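The structure under discussion appears below in the form of structure tokens.
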Amino acid sequence: MNSNSETASASNQAAEDLRALLQDAEMALSGAGDMAEEKVAELRDRLRNALDKGSGVYKRAKACAQVKLGEADDYVRTHPYQAIGTAVAVGAIIGLLIGRRMP
């Protein structure tokens with residue numbers, strides 16, 4: 001559970017960083033002259049850092065998903081009848097919900 005909150009926190013931080021980067025890009029593009037070249041170089045560096053952070057968050061989320069998938073696979077292999085029963089029950093509920101006509 002702790003890794004989920006860390007992943008969510010990191011993704012929220014990455015989203016905030018990207019929003020700030022977009023605001024800075026808009027400000028840099030609205031300006032002109034020699035300062036624009038400096039701002040473009042600075043924005044390029046910040047974008048590269050944001051992409052590095054984003055790829056790190058993606059890798060951690062992917063690793064967490066693979067661990068959870070492995071746990072689910074182990075559970076289904078050790079308890080096949082319970083897994084089948086659960087799948088049938090969920091399918092029946094979904095079928096009832098979809099098949100129900102709204103007046």
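Brief remarks on what is shown
- For region 18-45, taking the residues that are touching a Lys or Arg at 6+ places or on another chain (Cβ under 9 Å) and over 23 Å from Val57 (Cβ atoms), the one that is modelled with the highest pLDDT is identified as Met27.
- The residues of region 32-60 that are among the small types (Gly, Ala, Ser), under 18 Å from Asn12 (Cβ atoms) and exposed (fewer than 12 other Cβ atoms within 10 Å of the Cβ) amount to a single one, Ser55.
- Flag for Ala63 being at pLDDT below 80 and surrounded by 10 or more Cβ atoms within 10 Å (Cβ to Cβ): no
The values are calculated or read from the model by the stated rules, or taken from the named source; none is laboratory data. Since the model is a prediction, treat every value here as computed from it, not as a measurement. In this analysis, Cβ positions are derived from the backbone assuming ideal geometry, glycine residues included, and neighbour counts consider all displayed protein chains.
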